[in-house]
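*Asks:* Below is a structure I'd like to ask you about.
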Amino acid sequence: MFSSNDMTWETPQWLFDKLDKEFHFTLDVCALPETAKCKNYYTPQIDGLKQDWEDNICWMNPPYGREVGVWIEKAYNESLKGATVVCLIPSRTDTKYWHDYCMKASEIRFIKGRLKFGDSKNSAPFPSAIVIFNGKQNSNIKISTY
């Protein structure tokens, strides 16, 4: 799970449960069958990037390679069509996608410390953030720590 060949990082269940209690997710937009967090989910074969997410409350923990930016752009665009998208991503504030899309989010929550993904006893080698798109672009993004 922590190799550079595998860019999937299973969402910590406690974190998902906490956010699900707040948002009541209806769709996991990029999941594997064995790690899906919602009853309805898109697998790599279905390809969530090619699907419509509108009218859903979406959970998104995308592959963490170079594709993150494509997923963040999709999340932002789907929110403009009516979806709420809650994203768990690496906190890479120096990237183009962060400035182009994350800074248009309605809320960003920085996670204190490093997450332990899946059943791993090791912490991730990067900080994480929750980026929330709900179709409301603000010049005053709500920023907090989690």
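Coordinate-derived values only; no laboratory data. Given the structure is predicted, the values throughout are model-derived calculations rather than measurements. Cβ coordinates were reconstructed from backbone atoms using ideal geometry, including for glycine residues, and neighbour counts include every protein chain displayed.
*Asks:* Any chance you could run the full-extension gain for Lys21 through Lys81? It's 0.36 nm times the residue separation minus the Cα-Cα distance, nm to one decimal.
*Replies:* 19.2 nm
*Asks:* At a temperature of 10 °C and a viscosity of 1.306 mPa s, determine how fast the chain diffuses translationally according to Stokes-Einstein, using the Kirkwood radius over alpha-carbon pairs as Rh; express D in µm²/s, rounded to the nearest whole number.
*Replies:* The calculation lands on 105 µm²/s.
*Asks:* Something else now. Using 0.36 nm per residue, how much length does the chain from Gln45 to Thr93 gain when fully extended, once their Cα-Cα distance is taken away?
*Replies:* Details: separation 48, 0.36 × 48 = 17.28 nm, distance 3.00 nm.
Using 0.36 nm per residue and subtracting the Cα-Cα distance, I get 14.3 nm.
*Asks:* Something else about it: Select from Gly113, Trp59, Cys30 the residue farthest towards the positive end of the dipole of region 13-145; place +1 on Cβ of Lys and Arg, -1 on Cβ of Asp and Glu, and compute about the Cα centre.
*Replies:* Going by the Cα projections, it comes out as Gly113.
*Asks:* Something else about it: Where does the chain land at 222 nm, in deg cm²/dmol rounded to the nearest 500, when only DSSP H runs of n ≥ 4 count, each adding -39500 (n - 2.57), divided by all residues?
*Replies:* Per the formula, -6000 deg cm²/dmol.
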